[in-house]
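Working notes for the structure below.
The values are calculated or read from the model by the stated rules, or taken from the named source; none is laboratory data. Everything numeric in this text was worked out from a predicted model, so none of it was measured. All Cβ positions, glycine included, derive from the backbone under ideal geometry; neighbour counts span all protein chains shown. Note: accessible area is taken over every heavy atom of the protein model, side chains too, but ligands, DNA and RNA are not part of it. Shrake-Rupley method; radii C 1.70, N 1.55, O 1.52, S 1.80 Å.
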Amino acid sequence: QVHVVESGGGLVQTGASMKLSCAASGRTFSGYVMGWFRQAPGKEREFVAAISAGGSTTYADSVQGRFTISRDNAKNTLYLQMNNLKPEDTAVYYCALKVTSTNPRAHTLYPYWGQGTQVTVSS
């Protein structure tokens, strides 16, 4: 069984930075594809960023150049560094894990999820 816990959310002003963390346990962390997704009120859950077991990354166009995803396999932890935050980044951010590398942007392919952490960016 895989257990996933996000942390690091909060309230910041436009232009600020914030770093989210995701701690996973239960299986071999290094073999997973790991992703960050977010969901704003009244909107669908959307892809933010993903990182493969080998360290390859992919980002949504809306965060490219502002967000950086990384992983520390020794600590079983995933990170999301968010810079130059905008009000439209306000959402609950979720960490997710999966074994297969197919289509890392599709949230429906991830079986393991954290409970989410709220990020609010004020204007």
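Couple of notes before you dig in:
- Using a Förster distance of 22 Å, the FRET efficiency for K75-R27 (Cβ separation, nearest 0.05): 0.90
- Prolate/oblate/rounded call for the chain, Cα gyration tensor, a/c under 1.5 rounded: prolate
- Expressed as a whole percent, the accessible area of the chain that falls on carbon and sulfur atoms is 48 (1.4 Å probe).
- Mean silhouette area of region 69-118, derived from the convex hull of its C-alpha atoms and averaged over all directions, reads 4.5 nm².
- Computed about the Cα centre, the dipole magnitude for the chain is approximately 180 debye when only Lys and Arg (+1) and Asp and Glu (-1) carry charge, each at its Cβ.
- Its residue count N fixes a reference of 2.2 N^0.38 Å for region 1-51, and the Cα radius of gyration divided by that reference is 1.36.
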